[in-house]
Amino acid sequence: MTYFFRSNADQSKLQTTIILAQLQALLCTIGAIAIAILHIYRHLLNYTNRHTTPLL
């Protein structure tokens, strides 16, 4: 897609903004995945602790 800018500085600012937005989206995605994995792990840990029988 072609954009028309007054100067190369405007185009540079847009590219910088896009890169920063993509970086922020990547960090949020990684954080959401980490929280989901931790949540699943805690459920599994809780399930296994509740349903295990003592050995003695």
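None of the figures in this text is laboratory data; all of them are computed from the coordinates on show. On a predicted model such as this, the values are computed, not experimentally measured, just so you know. Note that each Cβ is placed from the backbone with ideal geometry, even for glycine, and that neighbours are counted across all protein chains shown.
Label positions at Ile19 and Ala32, each projected 7 Å from the Cα along the C-beta direction, are separated by 2.5 nm.
If the chain between Leu45 and Asp10 were fully stretched, how many nm would it gain, using 0.36 nm times the residue separation less the Cα-Cα distance? Before the final figure, lay out the partial values.
Values: separation 35, 0.36 × 35 = 12.60 nm, distance 5.24 nm.
Difference between extended and current length: 7.4 nm.
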